[in-house]
Amino acid sequence: MAIHFYRNDLPEGLSLGKRVAVDTETLGLSLVRDRLCLVQLSAGDGDAHIVQLDRSSYDCPRLKALLADQTVEKILHFARFDMAMIERDLGVMMSPVFCTKIASKLARTYTDRHGLKDVTREIAGVELSKQQQSSDWGADELSEAQLKYAADDVLYLHQVRDGLITMLERDGRLEMARACFAFLPTRARLDLAGWPETDIFAHS
Ligand code: MN
């Protein structure tokens, strides 16, 4: 397992295959206030690739091309947030996506614990540390602990996806999951446009 760290953009010639785990770290959770700091990627091979973005320009053509590539499935946990952040700051709407949180809600109906830590423990048998979750991701020099935490958030997503697909198929829910994923760009755009708390399908 290795963690590769890059400033501003992915290196030239890096290929991560047709299914890439993606996560982001931001200054906070507000789509209005907080900027995108890091994008983490993994091909599911045990390596993590972390891009520290230039927040004054977000000039990262290779990263943007990968995120926009329609032939590459992006695996995320709670994709809605990262999709909104990435569209806002990088101008790219990720598609197609596989959201492991939605998949977990549809597959693991015996629990209401759908956080990445819970899902990864159960499906991949890995205990994630959440200690660095609320650290300063805007720092120019990130600590080893921060990089390890950022990497952990993408390293097991392929395994989690595969486990959840098995469960969804078993119970005839995979098609419903795919339909939910297809709506995610619209959901993320509603968040950005000012309807973050509204269930647009609700009666009232
Ligand atoms: Mn994360």
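The values are calculated or read from the model by the stated rules, or taken from the named source; none is laboratory data. Nothing here was measured: the structure is a model prediction, and the numbers come from that model. All Cβ positions, even for glycine, are placed from backbone atoms using ideal geometry, and neighbour counts span all protein chains on display. For the accessible areas, the whole protein counts, side chains as well, though only heavy atoms, and no ligand, DNA or RNA atoms are used. Shrake-Rupley method; radii C 1.70, N 1.55, O 1.52, S 1.80 Å.
Out of the total accessible area of region 1-156 (probe 1.4 Å, heavy atoms of protein only), what percent is carbon and sulfur? Result for region 1-156: 48 percent of the exposed heavy-atom area is carbon or sulfur.
Applied to region 189-203, the Karplus parametrisation 6.51 cos²θ - 1.76 cosθ + 1.60 on θ = phi - 60° returns per-residue 3J(HN,Hα) values of 6, 4, 4, 5, 8, x, 10, x, 9, 8, 7, 5, 8, 6, 5 Hz, with x for Gly and Pro. Listed by chain and number, the lysines whose alpha-carbon sits under 19 Å from that of LYS64, ignoring those within fewer than 8 places in the same chain, are LYS18, LYS74.
Taking all Cα pairs closer than 8 Å and separated by 6 or more residues, the relative contact order of region 2-193 comes to 25 percent. Within the chain, what is the longest stretch that has no GluC sites (Glu not before Pro) placed in a DSSP loop and near at most 15 other beta-carbon atoms within 10 Å? After excluding every exposed loop site, the longest remaining stretch is 13-126.
Stick to Cα atoms and the Kirkwood definition of Rh, then tell me Rg/Rh for the chain. Write down the numbers at each step before the final one.
On the way: Rg = 16.3 Å, Rh = 17.3 Å.
Taking Rg over the Kirkwood Rh, I get 0.94.
One chain, two ends: GLU144 and SER204. Fully extended at 0.36 nm per residue, the span grows by 16.9 nm beyond their Cα-Cα distance. GNM remark for the chain: springs join alpha carbons under 10 Å apart, and the peak mean-square fluctuation among SER30, SER135, SER56 falls on SER56. Size check on region 18-94: the Cα extents along the three principal axes, sorted descending, read 33, 24, 21 Å. Only one residue of TYR6, VAL20, LEU67 has its Cα farthest out toward the positive end of the dipole of region 1-94, where Lys and Arg carry +1 and Asp and Glu -1 on Cβ, and that residue is LEU67.
Could you give the length gained on full extension between ALA193 and GLU122, defined as 0.36 nm per residue of separation minus the Cα-Cα distance, in nm?
Once the chain is fully extended between ALA193 and GLU122, it gains 22.0 nm.
Would you mind working out the magnitude of the charge dipole of region 2-193 relative to its Cα centre, with +1 at each Lys and Arg C-beta and -1 at each Asp and Glu C-beta, to the nearest 20 Debye?
Dipole magnitude for region 2-193 comes out near 700 debye.
Between GLY163, GLY194, GLY44, the residue with the greatest mean-square fluctuation in the GNM of the chain (Cα pairs under 10 Å linked by springs) is GLY194. Would you please state the base-10 log of I(q)/I(0) at q = 0.12, 0.15, 0.24, 0.27 1/Å for region 123-193, with intensities from the Debye formula using one equal scatterer on every alpha carbon? Rounded to two decimals, the profile gives -0.55, -0.78, -0.99, -1.05. Which of the trypsin sites (Lys or Arg not before Pro) across region 84-123 are loop residues per DSSP, with 16 or fewer other Cβ within 10 Å? Counting only loop positions with at most 16 other Cβ atoms within 10 Å, the trypsin sites (Lys or Arg not before Pro) in region 84-123 are ARG113. Surface exposure of the chain, expressed per residue as accessible area with a 1.4 Å probe, stands at 49 Å².
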